[in-house]
Amino acid sequence: MSHHFTESEERRELRKAVAALGARYGERYFYAAAQEDRKTTELWSEAGKLGYLGVSIPEEFGGGGGDIGDLAAVCEELAIAGCPLLLMVVSPAIVGTVIAQYGTQEQKERWLPPLADGSQIYAFSITEPDAGSNSHNLTTHAARTADGWVLKGGKTFISGVDEASHILVVGRTSDQRTGKLKPALFMVPTDAEGVTWQQIDMGVISPEKQFTLFFDDVHLPHDALVGSEDAGLEQLFAGLNPERIMAASMATGTARWALNKAVAYAKERDVWGKPIGAHQAIAHPLAQLHIDIEMARLLTQKAAALYAAGDLMGAGEAANMAKVAAGDVAARAVDTAIQTHGGNGLANEYGLVQALAASRLSNIAPVSKQMALNFVAQFSLGLPKSY
Ligand SMILES: Cc1cc2nc3c(=O)[nH]c(=O)nc-3n(C[C@H](O)[C@H](O)[C@H](O)COP(=O)(O)OP(=O)(O)OC[C@H]3O[C@@H](n4cnc5c(N)ncnc54)[C@H](O)[C@@H]3O)c2cc1C
C-alpha cells in the first residue's frame, strides 16, 4: 500500500518548469493581451514547443505520453502564474482526448501532432442556444450524402473559434432504420464554406473570446466523422472527465494565484502599526482558503489518478466533486483577495478586479455547478433524477 500523498517526482518537476515559464508571462501579459485585443500566442507556442500542451498526447503522435493529471498540472501552474488558459481545457484536454481515443490512425496522425506542438488549436462545440444544459435537445444535424456529410445548425458560447483551425462539433445523425437522432462528433475546419461566427460581447476579461457559430449546409468529407456514428454518446463522455479535471485545475490555479496576491499584500500593508495580516478578520479567511484550495486540489488529483487507472465511474464522481469544490473556492478566493486589498482591490493596477468575472466561470462552464451537483446527487447518493 502506498503512503505517498504527494504527486510523483516527475510531475513535481513538470510543475516547477511550467511555473518558471508562467512567471515569465504572468497576469500583466495576460491582461494586456486581452485589453489590446491580442492573443496569448507567444505563451501558447512556447508551451507547445516545450511539450507542455501535448504532455498527455501519446508519444507516437508527437506528445509526451503522460496522463490527464500532467496536463492538469500544466494548466494549474499557468493559472497560478496569472495566465488561466481556457483553451487548454478545450483543445488538448477535450478534443485531444476524444481524437486519441476514438480517431482512426489517419485522423490521429493528421490532427494530434499539431495539437501537441501548439501549432493548431481546436475548439469544441456542444452548447446550443435552445438546448443549454440539456444536450438531449441538440438540433445541429449532419445528413449523409454520397460524398460525406452536410452539417446544418448552430452553437453558442464557443471559445476560441477565432484562434482555431478546426472545431469538434457535437451534432446528430439520423438512424437509417428508425429515423431517431443520435449524437455524433465531427471535425469541421473553421475555413469551410458555410461556417460563420459572431463574437459575443462578454464581461470576462480574457484574450480568449466566445462566439455564436452558424453551420449553413457545410459539406464535410466522410472522414470528418470522429469515431463511430453509433457510439456518439460514449465518445462524448470520454471528453467529459478530462474537461472537468481541467476546469477544476484552472479554478484551483486561479484561487491560488488570488490567495498568493492577498497574502503578499496582507504581510506588507500596514495601517495600525502592524501588517493587516495580523488582524484575524483578514488572516482567517486566507487560512480557510489555503485549506479549501488544498482540499479541491486533492480531489482533482484523485480524479486524475482514477481516470489514468481506467476507473471511469470513480473518476466521474471525483471530477464532478472537484469541479464544484474548485469553482466555489476560485470565486471566494478572488472575492477575498479583493477585500484584503481594500480600495486597491478595485484598482486595475493590482490585477484583481479584472479576474472577477472569470472567477465565476468555473461554476458555469464547461458544465454548470448545478449539473455537477445533479451528478453527485444521483450517482453518489442514489437520489432520484430530477430532470
Ligand atoms: C466563458 C464561457 C466559455 C464557454 N465555452 C464553451 C465552449 O468552448 N464550448 C461549448 O460547447 N460551450 C461553452 N460554454 C457554454 C457553457 O458550457 C454553458 O454556458 C453551460 O453548459 C450552461 O449552459 P447554459 O448557459 O445554456 O445554461 P442553462 O442550461 O440555460 O442553465 C441556466 C441555469 O439553470 C441551471 N440548470 C439548468 N438545468 C438544470 C437542472 N436540470 N437542474 C438544476 N439546475 C439546472 C444551470 O445550472 C444554470 O445555473 C461557455 C460558456 C462560457 C460562459
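P(r) for region 124-230, from all Cα pairs and a bin width of 10 Å, is 15, 48, 29, 7, 1 %, short bins first.
Given a cut-off of 20 Å, what percent of all Cα-Cα pairs of region 167-320 lie beyond it?
69
Taken about its Cα centre, the chain carries a charge dipole of roughly 1080 debye when the Cβ of each Lys and Arg holds +1 and the Cβ of each Asp and Glu holds -1. Using alpha carbons only, how many degrees (0 to 90, rounded to 10) separate the axis of helix 312-340 from the longest principal axis of the chain? Once rounded, one gets 40 degrees. Residues Arg28, Arg110, Arg332, ranked from the fewest to the most other C-beta atoms within 10 Å, line up as Arg28, Arg110, Arg332. Taking Rh as the Kirkwood radius computed over C-alpha pairs, what is the Stokes-Einstein D of region 1-80 at 4 °C in a medium of viscosity 1.567 mPa s, expressed in µm² per second? The estimated diffusion coefficient comes to 95 µm²/s. Taking a ≥ b ≥ c as the square roots of the eigenvalues of the Cα gyration tensor, region 235-330 is classed as prolate, since a/c reaches at least 1.5 and a/b is larger than b/c. Over the chain, Cα pairs under 8 Å with separation of 6+ residues give a relative contact order of 15 percent.
Pairs of alpha carbons in region 282-381 separated by more than 24 Å make up 31% of all such pairs. With the cut-off at under 16 Å, measuring from each backbone N in region 53-95 to a point 7 Å along the Cα-to-Cβ line of Asp311 picks out 69. Computed on region 124-230, with alpha-carbon pairs under 8 angstrom and 6+ residues apart, the relative contact order is 31 percent.
The stretch between Ala131 and Ser386 holds 90.1 nm of extra length on full extension. This uses 0.36 nm per residue minus the Cα-Cα distance.
What is the distance in Å between the Cα centroid of region 197-254 and that of region 85-120? A separation of 12 Å, based on Cα centres. Calculate the tail of P(r) for the chain: the fraction of all Cα-Cα distances greater than 29 Å, expressed in %. In whole percent, the share of Cα-Cα pairs in the chain beyond 29 Å is 42. For the chain, the longest principal axis of the alpha carbon atoms and the long axis of helix 280-308 meet at an angle near 30°. Put simply, the Cα atoms of region 186-240 extend 39, 29, 14 Å along their principal axes, the longest span coming first.
With the simple spin-label model, which puts each label point 7 Å out from Cα in the Cβ direction, the Met295 to Ala20 separation comes to 3.5 nm.
Exposure proxy ranking for Phe124, Phe379, based on other Cβ atoms within 10 angstrom of each Cβ and starting from the fewest, stands as Phe379, Phe124.
Extension gain, Thr178-Asp223: 0.36 nm per intervening residue step, less the Cα-Cα distance, totals 13.8 nm. A simple charge model with +1 on the Cβ of Lys and Arg, -1 on the Cβ of Asp and Glu and nothing else charged puts the dipole of region 233-380 at about 260 debye relative to its Cα centre. Here the contact order of region 182-264, divided by its residue count and restricted to Cα pairs under 8 Å and six or more residues apart, works out to 34 percent. Across region 124-230, how many lysine pairs, 8 or more positions apart or on different chains, have C-alpha atoms separated by under 20 Å? Please give the number. Value for region 124-230: 4. Taking the number of Cβ atoms within 10 Å of each Cβ as an exposure proxy, the fewest-first ranking of Arg11, Arg297, Arg269 is Arg269, Arg11, Arg297.
Modelled label positions at Val376 and Arg12, each set 7 Å beyond Cα in the direction of Cβ, lie 3.0 nm from each other.
Just so you know, all these numbers are worked out from the coordinates, no wet-lab data involved. Keep in mind that this is a model prediction, so the values were computed, not measured. In this analysis, Cβ positions are derived from the backbone assuming ideal geometry, glycine residues included, and neighbour counts consider all displayed protein chains.
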